[in-house]
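Novice: Have a look at this one before I ask anything.
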């Protein structure tokens, strides 16, 4: 053994070929922290001293090669001055370059995932051999930064400017076939052949069959582009990337500028450009928000795993109701290798549910994420049925019938009598009280809510609703099932609307009040979309369904009459009465026509103004800033009410619930992070300007105390 530490070891494996094997102790994954980097430096120094070395292979003893840097640790670096951050990055560049400059060939065997800094170290090697099941990528842009350990320098010199910008500016993970096609890796082999193939490449280099020095020189030299080629490449990239990135995310456009700036420089000079740009991005509030989102997501995953300690295994699931939601749940379960029964009362509904899941599987095949055999196998995991005959061995049931308490109670009681006594029963309800639904059940301890968001396959959030009698085992089992579905579950307590919808409806309430005061709904939509929402409130109501929104509004009014019951007719009321239900019948606030891809395209409708005119009682002069504030304040206050009442367990759950559940802009960091940036004192003063608007705009006593004590939801360094 040449070197052995807590994160890596180096030993000779054959004929002067040495292996640097990463295996971070007390961790399920390899990640770069300060200790790992220190040991990497010590290991490379040992190799430089060792005589008779003819080649080096980098490998991993974990299921994945490297997941990247430890953001929790490196996040502290971002608090330092830009000059110190730049210097720290250049030190790591020098460390990584010492691998690239070794006087013998190097190869990396990539298994599992090699992401961020984990892929950047792969780029230092002369050859990259990838397991067919592996993924590689540079996802730093998703944190508001850019690859800071040579990624923007080496990758364009290897795969070309166009491909490199697409990789880095989108931050997408690449599967083996795509990585090979672009030239980011040199070979793809079955995982059990990875080690042997990597050693063979080194042997061939040693024997002179491959010129590793030539490709090494290419990575260290300026990009070989003419002035015209360079202008065309970067101008085109700015147009494409700028359109996708939008105005709120500076990192993608910065990446293009950085690559362009160092294109004419050698490797070490280019590193200085990259490091300086990285350091500057760390000071962006967007970066702070996105890193906060990442850390909260990691917290949720850790919290979810802790919650599942008492969970029962779900080997077979069932969904009741085969509509779009039921079909989506069935698809998600089957795609994650969990067999699922899909029950409905008529064949047409079953056919529709199967059509929905089949469409999703076909899309996966079309995108190359599944082959035909894999899709067929997954489809067979969905078992349609008109009876309960095969429910005796089901471990968890998701009820997804119509949003009507009497129908849901009847269906839940019916299925409870036919399933195993230990099976968990859940309801995919968006507003109906779990305690109300549990009243007719004989085993209420086995029952809880499991609220999926539509479309199921795209929306990451699942609300697991704990009723008064829900057992820890039922909640844990439901959380575990959600995690296996690839979702991010948050556990909330029962109340009208639970957490996400309880917060969403005050937002809609603020919208209705704006229309009452003469605001144009298209102006409100444009302002909120400019603020960062994926769609404005009118458009969102059309997508949700005006009828669904109207029903939800009635539920919330009954639950919270002091602030969610209105003494006037709203625009939503009028659209509902006119049977303008939004996208589901092609007309709501807007009208809809199918585009070439069969998706509803939003168009203006001249009739809308007349339909909603009776809801307007006065014409107020409203600035853009006032409209945005009046939309956001009710949502922010209601989020804090939920926190104070224990409906949601903590600030991280609250922020992620609204980012994942309703699309609160990630670059804002979440509702509570956003309020921290404003400051509670300033927020309360903002609310006081709108005191005449009623209870939706009145801060809680707890908020006033937070303001006085200058407290934050997320203290710096927490």
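Novice: Residue 528: touching a residue at least 24 places away in the same chain (Cβ under 8 Å), surrounded by 22 or more Cβ atoms within 10 Å (Cβ to Cβ) and farther than 28 Å from residue 304 by Cα, yes or no? Talk me through it step by step, then tell me what you get.
Specialist: On the way: touching a residue at least 24 places away in the same chain (Cβ under 8 Å): yes; surrounded by 22 or more Cβ atoms within 10 Å (Cβ to Cβ): yes; farther than 28 Å from residue 304 by Cα: yes.
Here the answer is yes, as residue 528 does meet what is asked.
Novice: Within the bounds of the range 549-569, is there any residue that is surrounded by 19 or more Cβ atoms within 10 Å (Cβ to Cβ) and more than 28 Å from residue 494 (Cβ to Cβ)?
Specialist: Looking through the range 549-569, none of the residues is surrounded by 19 or more Cβ atoms within 10 Å (Cβ to Cβ) and more than 28 Å from residue 494 (Cβ to Cβ).
Novice: Which pairs do you get when a residue that is in the same structural domain as residue 608 (by TED's automatic domain parsing), found in the range 553-571, comes within reach of a residue that is assigned to a loop (DSSP other than H, G, I, E, B), reach meaning Cβ atoms under 6 angstrom, with the pair 6+ apart or on two chains?
Specialist: So the pair list comes out as 555/431; 555/496; 556/496; 556/497; 557/565; 559/496.
Novice: Right, next: Suppose we filter 354, 350 for residues that are surrounded by fewer than 21 Cβ atoms within 10 Å (Cβ to Cβ), closer than 24 Å to residue 597 by Cβ and touching a strand residue (DSSP E or B) at 6+ places or on another chain (Cβ under 8 Å); which single one remains?
Specialist: 354
Novice: Out of 629, 618, 625, which single residue is in the same structural domain as residue 691 (by TED's automatic domain parsing), surrounded by fewer than 11 Cβ atoms within 10 Å (Cβ to Cβ) and assigned to a helix (DSSP H, G or I)?
Specialist: Exactly one residue qualifies, and that residue is 625.
Novice: Here's another thing I want to ask about it. Kindly evaluate residue 714 against the criterion of being touching a helix residue (DSSP H, G or I) at 6+ places or on another chain (Cβ under 9 Å), farther than 15 Å from residue 631 by Cα, touching a residue at least 12 places away in the same chain (Cβ under 8 Å) and outside the structural domain of residue 627 (by TED's automatic domain parsing).
Specialist: So residue 714 passes the test.
Novice: Would you confirm, using the coordinates I've provided, whether residue 135 is surrounded by fewer than 24 Cβ atoms within 10 Å (Cβ to Cβ), out of contact with any helix residue (DSSP H, G or I) (no Cβ under 7 Å at 6 or more places or on another chain), closer than 27 Å to residue 243 by Cα and assigned by TED's automatic domain parsing to the domain that holds residue 231?
Specialist: yes
Novice: What number goes with the only condition from (1) in a helix (DSSP H, G or I); (2) at pLDDT below 95 that residue 223 does not pass?
Specialist: Single failed check for residue 223: (1).
Novice: Also: Working only within the range 226-235, note down all residues that are outside any helix (DSSP H, G or I) and surrounded by 12 or more Cβ atoms within 10 Å (Cβ to Cβ).
Specialist: Those that are outside any helix (DSSP H, G or I) and surrounded by 12 or more Cβ atoms within 10 Å (Cβ to Cβ): none in the range 226-235.
Novice: Still on this structure, please answer the following. Does residue 210 fit the bill of being surrounded by 15 or more Cβ atoms within 10 Å (Cβ to Cβ) and in a helix (DSSP H, G or I)?
Specialist: no
Novice: Quick one: which helices (runs of 4 or more DSSP H) lie wholly within the range 270-370 and hold at least 3 residues that are closer than 30 Å to residue 70 by Cβ?
Specialist: Output list reads 285-307.
Novice: Quick check: anything in the range 592-608 touching a helix residue (DSSP H, G or I) at 6+ places or on another chain (Cβ under 6 Å), surrounded by 14 or more Cβ atoms within 10 Å (Cβ to Cβ), modelled with pLDDT of 95 or more and in the same structural domain as residue 636 (by TED's automatic domain parsing)?
Specialist: yes
Novice: Quick one: residue 157 ticks every box in (1) buried (at least 21 other Cβ atoms within 10 Å of the Cβ); (2) under 29 Å from the mean Cα position of the chain (by Cα); (3) over 26 Å from residue 364 (Cα atoms) bar one, so which box is it?
Specialist: Of (1) buried (at least 21 other Cβ atoms within 10 Å of the Cβ); (2) under 29 Å from the mean Cα position of the chain (by Cα); (3) over 26 Å from residue 364 (Cα atoms), only one is false for residue 157: (2).
Novice: Follow-up. Could you count how many residues in the range 690-700 are in contact (Cβ under 8 Å) with a residue 24 or more places away in the chain and assigned to a helix (DSSP H, G or I)?
Specialist: 4
The values are calculated or read from the model by the stated rules, or taken from the named source; none is laboratory data. What you see is a predicted model; the values in this text were computed from it and never measured. Heads up, the Cβs are rebuilt from the backbone with ideal geometry, glycines too, and the neighbour counts pull from every protein chain shown.
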